[in-house]
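Data block below; observations after.
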Amino acid sequence: MRFLPTAEQRAFAASLDAMLTAAGTPSAVRSWAAGDHTAGRALWSRLADAGVFALAVPESCAGVGPLPVELAVAFVELGRHAVPGPLVETVLAAALLAGDPRRPDPAAELLSALASGRAMATVGAPYALDGDAADVVLALRDGEVWRAPGARDARPCLDRARRLTTPLPGGELLLPRTPPAALGWARLATAAQAIGVGAALLDRTVAHVGRRVQFGVPIGSFQAVKHRLADAKIALEFARPLLFGAALTMDAADVAAAKGAACEAAYSTARTALQLHGAIGYTAECDLSLWLTKARALRTAWGAPHECRAAVLAAALATDPPHH
Amino acid sequence: MDLTHCPADEAFRAEARAWLAGHVPAHPLPSLETGEGFAAHRAWEAELAADRWSVVSWPEEYGGRGADVMRWLVFEEEYWAAGAPGRVSQNGLGLLAPTLFEHGTPEQRARVLPSMATGEVVWAQAWSEPEAGSDLAALRSRAVRADGGWLLSGQKTWSSRAAFADRAFGLFRSGPGAPKPHQGLLYVMFDLQDPGVTVRPIGRLDGRPAFAELFLDEVFVPDEDVIGEPGEGWRVAMSTAGSERGLTLRSPGRYLAAARRLHTLWRTLGSPEHVRDRVADALSGARAYQLSAYAHASRLLEGGTVGAEASMNKVFWSELDLVLHETALDLLGEEGQFADGAWSEGYVFALAGPIYAGANEVQRDIVAERLLGLPRGRR
């Protein structure tokens, strides 16, 4: 067993990190939130060129996957940079379409467009993230996968870079049955994104408390501050192996455990980050807000805490020793 | 990146599982912290050792099987899943033995390790003193040079297992007046039966003598019982403290087994809603520690090290252990109050976890300063 990322996986993460750092992602997030998708779209193309959207798609369908570990590696970086857009939803759409080998021709064409990054998709279950920006709106209706003719009612969210929409009724039936494993990809990608969000919040807060001087010393020298950050670090570090373990097994319980732990760690790190930044962290002007609000949103996206716990318990039940 | 044990490790797992199935006592042994229980646990060590299962990670010449850290994790998973007894030799196995492998002489290893492996000699640790707890370097017990050895005097406390153990190891100040508190220390082994040693057992919360105070009055130890160079005791001990906080003190297997038992208990009692979240989180937490240990083991096998990361482990497992036991007691309700309940002694033991082996507050300081790079400040 070698439960460590390979040199290639580390290099993939580093190249995405460098690309997103150079791209000035925070300003793309802010313009996305203001309804201007141009910069976000440009970022999307570069991620597609790096192969991010092809990772969930089998080679037989114009993808390079399925490569869940690489997908997790990539989504940690997307979270670290708070990249806007229906990232998880596009992966989910691809996993849905790839998950049914009898998919009709329109679905096969769509799959190739998603994998290549030519199309941005969202999935309504019931709300569809960024349906006003997406090229393709899928809707999960009574176990069927539909392509809706668009989305309406874009409503601002607490994370201002996320707008939830409602898929329009009607459209085209793509798959008569929702492939059951597809949701696992959405949960895995969300968990990875959360780990990245948490890491960014921790890094920024560590930098802040090292600079901010009160009572004549950096506030990061106070134990009350250190211990909150140590707890954030510990929570993130123990969620990370769950994420990569889940990526390796793609077992429903492992994925659920990873999703629950990663989102909990990211959210508690967000609370710590806000508290330790003080009032400046509470402002929309401070870039910290881009990650703070995302940590909250990811917690309930594609599996709220109780749903993740239910999946963990269901799996434990199946392997329980018999008892009397 | 993978999670597949090699065939040899799986074969080892199967062999361990089969042996444990045939040997683990059908009923739990009496408490380790009683004279009767201590003797029963000592006999269990001998039974393990007879078939070379007591020290699987040691070289074969000392009674081990030369298991690497990954195979040791596999053994521990099987050991605790089988419901096998706690290890009365834990202090020696987890603290003294790694120190001897790293700093001891071949003569010391040949003399000390075999009787540790069989449980014939059980070791207690003698670190803390009344005025030196988290700030261990403040210790004041003395080692004074004598002909062919040293004379130890002073007071040690919170010495686990010392009420019933045979020998002890710890730090003494051999070079008073050294410029810094962690200089001038001696790492030494001594006999608890020596006439100059008075052992005063201390009852822990449940009254059982799980640790003791030691009073030393000019206890002679020969030079061959000094580990490493005189004056270098701190460095020698810190390599021990590192392994203590790392994987070897508390393996993931223990918590995986406890989480499974908790889940079974929860189901047996009708899956009550009020602890559902905590049962699920205990299962996830134990899995997280298992996977994290696999990652650490992978790194060690590539020649890497586990440094300050060990402090994260200490905080994680000690808090996981408490949550596991608190949840079980909440589930049991009034039944959970009985001292002889299946989770009771484990709960009392878990309460000490955040305190011993470096208090969790100190571990959090280490995480913040060494892993996050925050400025040092007053404790």
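Out of the residues in the stretch A:129-139 meeting the condition of being touching a residue at least 40 places away in the same chain (Cβ under 8 Å) and part of a strand (DSSP E or B), tell me which one is surrounded by the fewest Cβ atoms within 10 Å (Cβ to Cβ). The selected residue is A:V136. Considering only residues that are more than 10 Å from chain A (Cβ to nearest Cβ) and buried (at least 19 other Cβ atoms within 10 Å of the Cβ), which ones fall in the stretch B:263-281? The answer is B:V275, and nothing else.
Each row is one residue, and each column tells you yes or no for (1) closer than 30 Å to A:L71 by Cβ; (2) crowded, with 17+ Cβ neighbours inside 10 Å; (3) not basic (K, R).
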position	(1), (2), (3)
B:M1	yes, yes, yes
B:T4	yes, no, yes
B:A8	no, no, yes
B:A14	no, no, yes
B:A21	no, no, yes
B:V24	no, no, yes
B:L29	no, yes, yes
B:L32	no, yes, yes
B:G37	no, yes, yes
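Considering only residues in the stretch A:247-260 that are out of contact with any Pro (no Cβ under 8 Å at 6 or more places or on another chain) and more than 9 Å from chain B (Cβ to nearest Cβ), the one that is surrounded by the most Cβ atoms within 10 Å (Cβ to Cβ) turns out to be A:K259.
Annotation note: of A:A107, A:A72, A:A95, the sole residue that is farther than 15 Å from A:V52 by Cα and not basic (K, R) is A:A107. Does A:Q223 satisfy the condition of being more than 28 Å from B:Y294 (Cα to Cα), surrounded by fewer than 19 Cβ atoms within 10 Å (Cβ to Cβ) and touching a residue at least 12 places away in the same chain (Cβ under 8 Å)? Answer is no for this residue.
Taken over the stretch B:297-309, the criterion of being out of contact with any Asp or Glu (no Cβ under 7 Å at 6 or more places or on another chain), more than 7 Å from every other protein chain (Cβ to nearest Cβ) and outside any loop (DSSP other than H, G, I, E, B) is satisfied by B:A297, B:L300, B:E309.
Please specify each residue of the stretch B:330-350 satisfying the condition of being buried (at least 17 other Cβ atoms within 10 Å of the Cβ), in a helix (DSSP H, G or I) and out of contact with any Asp or Glu (no Cβ under 9 Å at 6 or more places or on another chain). Show your work before the answer.
As a first pass, look at the stretch B:330-350 and keep what is buried (at least 17 other Cβ atoms within 10 Å of the Cβ): B:331-332, B:336, B:343-350.
Right, trim to in a helix (DSSP H, G or I) and you get B:331-332, B:336, B:344-350.
Of everything in the stretch B:330-350, those that are buried (at least 17 other Cβ atoms within 10 Å of the Cβ), in a helix (DSSP H, G or I) and out of contact with any Asp or Glu (no Cβ under 9 Å at 6 or more places or on another chain) turn out to be B:L331, B:L332.
Taking the criterion of being β-branched (V, I, T) and under 17 Å from A:D287 (Cα atoms), the residues of the stretch A:185-217 that qualify are A:V197, A:T205, A:V206, A:V209. Note on the stretch A:52-93: residues that are more than 15 Å from A:E8 (Cβ to Cβ) and assigned to a strand (DSSP E or B) total 1.
Looking only at strands (runs of 3 or more DSSP E) that fall completely inside the stretch A:148-240, which ones have 3 or more residues that are away from chain B (no Cβ under 11 Å) and at pLDDT 95 or above?
Details: elements: A:151-156, A:163-167, A:172-175.
In the stretch A:148-240, A:163-167 are the strands (runs of 3 or more DSSP E) which contain 3 or more residues that are away from chain B (no Cβ under 11 Å) and at pLDDT 95 or above.
Given the criteria closer than 25 Å to A:G65 by Cα and assigned by TED's automatic domain parsing to the domain that holds A:L67, does A:L158 qualify? Against the criterion (closer than 25 Å to A:G65 by Cα and assigned by TED's automatic domain parsing to the domain that holds A:L67), A:L158 does not qualify. Here A:I280 meets each of (1) among the aliphatic types (A, V, I, L, M); (2) more than 22 Å from the chain's Cα centre (by Cα); (3) within 14 Å of chain B (Cβ to nearest Cβ); (4) surrounded by fewer than 20 Cβ atoms within 10 Å (Cβ to Cβ) with one exception, condition (3). Listed by first and then second residue, the pairs linking a residue in the stretch A:1-20 that is more than 12 Å from chain B (Cβ to nearest Cβ) and closer than 17 Å to A:P241 by Cα to a residue that is outside any loop (DSSP other than H, G, I, E, B) and modelled with pLDDT of 95 or more, with Cβ atoms under 9 Å apart and 6 or more places separating them unless they lie on different chains, are A:A13/A:V73; A:A13/A:A74; A:A13/A:V76; A:A13/A:E77.
Looking at A:A151, A:A121, A:A95, A:A113, which one is crowded, with 17+ Cβ neighbours inside 10 Å, without any contact (Cβ under 8 Å) to a residue 40 or more places away in the chain and closer than 23 Å to A:A72 by Cβ? When all the criteria are applied, what remains is A:A121. The helices (runs of 4 or more DSSP H) falling completely within the stretch B:27-144 that include 3 or more residues that are small (G, A, S) map to B:35-50, B:106-118.
Does B:S153 count as within 21 Å of B:V112 (Cα to Cα), in contact (Cβ under 8 Å) with a residue 40 or more places away in the chain and not assigned by TED's automatic domain parsing to the domain that holds B:G353? Criteria not met by B:S153.
The values are calculated or read from the model by the stated rules, or taken from the named source; none is laboratory data. Since the structure is predicted, the reported quantities are computational estimates derived from the model, not experimental observations. For neighbour counting, all protein chains shown are included, and Cβ atoms are generated from backbone atoms with ideal geometry for every residue, glycine included.
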